[in-house]
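**Q** Here you go, one structure.
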Amino acid sequence: MKFNNVYVEKEIINSVNTNNILDRIKYNKIIICEKYSEVFNPKNQNFRIQKKNPSLILAQKKKKIVFKTPSEFTIGFEQNYYFSHMLNCVYDCKYCFLQGMFNSANYLIFVNYEDFFNEISKTIKKNHNKKICFFSGYDCDSLALENITNFASNFINFFKNYNNAFLEIRTKSINIKQLINIKPIKNVIVAYSINPQKIIKEFEQKTPNFDSRLNSLKKIQDNGWNIGLRFDPIFITEKNKKDYFKFLEKIFTNLKCSLIHSITIGKFRMSEKFLKKIIKIRPEDTLTFNYLMKNTNKEREIIQLFYMQVQKYIDKKKIFFN
Ligand code: SF4
């Protein structure tokens, strides 16, 4: 991958991870900065223009690293946390909330993995008698830049020291070479966000297509990893519900259903604040967003129908609404 500009925080210019990442990419110029926020946070940036040719920022995450998920968010664990080793994403989903949350589309990687490990260890110790899960990929796609970050290999290596703590690696990426080369461990779940191809074409620009995501899921599962399916967000309507049912049939005839760790179902949701910002930068999609924000009884009925359909293949104890 090639970048025009790579910004590096002064304090981490000599860190091993910084140098490993720089060795894995091509770039024209390195610019040293004091704090990543100087580059990432200013308001006068154009997210859509930056998205076409993003810079890379290497920084360290200070202060809080591990966060509690919203209380309703679960895949069956007693305690749920998330962390972000990266902000922003190589894909360009129309519905992505990151474009409402950040002023910049540049890729920001936090290179101080050791500090993440320390914080995660502390959280695990605090919950030593509970089943606990950590979610990655909240502010990025967990695997899309694996070739540069080595995130999965590093964090899987860390999590293999723990039994009561799970890691969910959430992705749409088919970048699974590194996973296939690592011995699977039982407390990691590789979870794919997935939609029928027509929906991918309409809403999930630059992402791998449905068949290649399913193919990756199959390979990962055959290799011994726990997998999860995230139907989140789904865009099921009266008109396309048959496509969604066929899509489910194809998924569940290709995977070993009894070995799937968990399924989540969720509809599109977005805070008013983010929505306003997104409509400003994507005015051409205003109608689509207004339509998606509607929450009608009919829509709830169709999602319920989808849930019943999933239950034909998967034990309902493994299905969660988020
Ligand atoms: S894959 Fe996820 S993080 Fe990336 S653009 Fe799509 S919704 Fe956003």
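**Q** How much of the DSSP beta bridge set in segment 61-209 is antiparallel, as a percent to the nearest 5?
**A** Antiparallel bridges: around 30 percent, rounded to the nearest 5.
**Q** I'd like to know which of S142, A152, N322 lies farthest towards the positive end of the charge dipole of the chain, counting +1 on Cβ of Lys and Arg and -1 on Cβ of Asp and Glu.
**A** N322
**Q** Using Cα pairs under 8 angstrom and six or more residues apart, how large is the relative contact order of the chain, in percent?
**A** After rounding, I find 15 percent.
**Q** Additional query: Using only the Cα atoms of segment 170-322, what semi-axes does the equivalent ellipsoid have when each is the square root of 5 times a gyration tensor eigenvalue? Give whole Å, largest first.
**A** 28, 19, 14
**Q** Still on this structure, please answer the following. Out of Y313, I174, M270, whose Cα points farthest toward the positive end of the dipole of the chain (charges: +1 Lys, Arg; -1 Asp, Glu; placed on Cβ)?
**A** Most positive-ward Cα: Y313.
**Q** What ranking of L275, L179 emerges when the number of other C-beta atoms within 10 Å of each C-beta is taken as an exposure proxy, fewest first?
**A** So the ranking, lowest neighbour count to highest, is L275, L179.
**Q** Let's see if you can work this out: charge +1 on each Lys and Arg Cβ, -1 on each Asp and Glu Cβ, no other charges. What is the dipole magnitude of segment 2-321 about its Cα centre, in debye to the nearest 20?
**A** Its charge dipole is roughly 400 debye.
**Q** Put a dot 7 Å past each Cα toward the Cβ at K64 and E114; how far apart are the dots in nm?
**A** A separation of 2.5 nm, rounded to one decimal place.
**Q** Continuing with this model, one more query. Which listed residue (V16, I57, F203) has the Cα farthest towards the positive end of the charge dipole for the chain, taking +1 on Lys and Arg C-beta and -1 on Asp and Glu C-beta about the Cα centre?
**A** The residue sitting most towards the positive pole is F203.
**Q** Listing H85, H261, H128 from the residue with the fewest other Cβ atoms within 10 Å to the one with the most, what is the order?
**A** Lowest to highest Cβ neighbour count: H128, H261, H85.
**Q** Considering only DSSP beta bridges whose two residues both sit in the chain, what percent are antiparallel, to the nearest 5?
**A** 10
**Q** Order these peptides, 111-121, 38-48, by their mean beta-carbon neighbour count within 10 angstrom, highest first.
**A** So the order, starting with the most tightly packed, is 111-121, 38-48.
**Q** According to the Cα gyration tensor, what semi-axes, each the square root of 5 times an eigenvalue, does the equivalent ellipsoid of the chain have, listed from largest to smallest in whole Å?
**A** So the equivalent ellipsoid measures 31, 25, 18 Å along its semi-axes.
Read-outs throughout are calculated quantities, based only on the coordinates presented, and are distinct from any laboratory measurement. On a predicted model such as this, the values are computed, not experimentally measured, just so you know. A quick note on method: Cβ atoms are made from the backbone with ideal geometry, for glycine too, and the neighbour counts reach across all protein chains shown.
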